[in-house]
Amino acid sequence: MIGLLAAYLDNQFYPVVLERMALALQSRGYQTLLFIGEPGDQDEQLQRLLAYQVDAVIMMSATLSSELASQCRDAAIPVVLFNRQVLDTTSSSVMSDNVEGGRQVARLLARTGHERMAFLAGAEDSSTNRDREAGFVEQLTTWGLPLHDRAVGHYSGERARAATHALMDAKAPPDAIFAANDHMAFSVMDVLRHERGVRVPEDVSVIGFDDVPQAAWPAYDLTTVAQPTADLIRSTVELLFAQLDDAEAPASVTLPVRLVERSSVHPGR
């Protein structure tokens, strides 16, 4: 039995991953036990999951405290963090190159002549959010372009909606918004078009991160950074079973991303 601890399931990226991950584990002869957590209660949920005497744990969109990491290590229960990284634990991690993804977004917006670029953050304590923003700001700074504005959407559609209004209420609203994931980017586009009367991309360009299936829908046609979902799942499963079979030392795997250009970014200002 493999325990799966997940959060943020309203983000369309994770239901897809959960289904494919469960099928990959079943093909190896293991069943899955799913626990759904809320941001901030991961330690409590993991404690409950461990009571079921699982053989290993995969944590999706959830962080792991050093104390629980040590507890899992002492109990010889491998833990793999999916799409997250915690530097001060002994757990393995598999993630996309979020820093490079942020850089690619900055390059596109600079190349297309945008000048007032804003970042819509997810959860402030998540490694994915920090890395995506770090790469974005680093690349802008390299070219002498400041980050024009910033708001926090907490990876929530509703809170991203409020954050979008805050960005657009500024004296000089942004001409581009980079959201830390597609789920928030959809809210940004809905607010701009249907509540603010702002055209996308003629007035404001919007970029997301993940490339969930809905990003390609004609209603959004969202420019986004694609995560290598199949490779992430395969690497997670391989790393997990390597530790189960041989008790190998924890490892960190980072996989490349690619920018998918669609019509939500103005081609040139």
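Rule-based calculations on the coordinates, nothing more; no lab input. A quick note: this is a predicted structure, and the numbers were derived from the prediction, not measured. Positions of Cβ are generated from backbone atoms using ideal geometry, with glycine treated the same way; all protein chains shown enter the neighbour counts.
With a simple spin-label model that places each label point 7 Å from the Cα along the Cα-to-Cβ direction, the separation between Asp221 and Glu44 comes to 4.5 nm. Kirkwood analysis of region 110-269, using all unique Cα-Cα pairs, places the hydrodynamic radius at 16.6 Å.
In debye, nearest 20: dipole of the chain around its Cα centre with unit charges on the Cβ of K, R (+) and D, E (-)? Walk me through the numbers before you get to the answer.
Values: 22 positive and 36 negative charges, 158 e Å.
Roughly 760 debye for the chain.
Extension gain for Arg199 to Arg111 (0.36 nm times residue separation, less C-alpha to C-alpha distance): 29.6 nm. The alpha carbons of region 179-269 give a radius of gyration and a Dmax of 17.8, 58 Å, in that order.
Treating r as the C-beta distance of Tyr52 and Glu124 and R0 as 35 Å, the FRET efficiency rounds to 0.65. Between Ala75 and Arg28, the contour length at 0.36 nm per residue exceeds the Cα-Cα span by 14.7 nm.
What you get for region 9-62, charging only the Cβ of Lys and Arg (+1) and of Asp and Glu (-1), is a dipole of about 300 debye around the Cα centre. For the chain, the spread of Cα coordinates along the three principal axes comes to 56, 35, 31 Å, biggest extent given first.
A Förster radius of 45 Å combined with the Cβ-Cβ distance from Ala242 to Glu158 puts the calculated FRET efficiency at roughly 0.65.
How high is the FRET efficiency from Met1 to Glu261, r the C-beta distance, R0 51 Å, rounded to 0.05?
Efficiency, rounded to the nearest 0.05: 0.75.
Would you work out the relative contact order for the chain, in percent, from Cα pairs under 8 angstrom that are 6 or more residues apart? Write out the running numbers ahead of the final one.
Working: 550 pairs, mean separation 50.0, N = 269.
Value for the chain: 19 percent.
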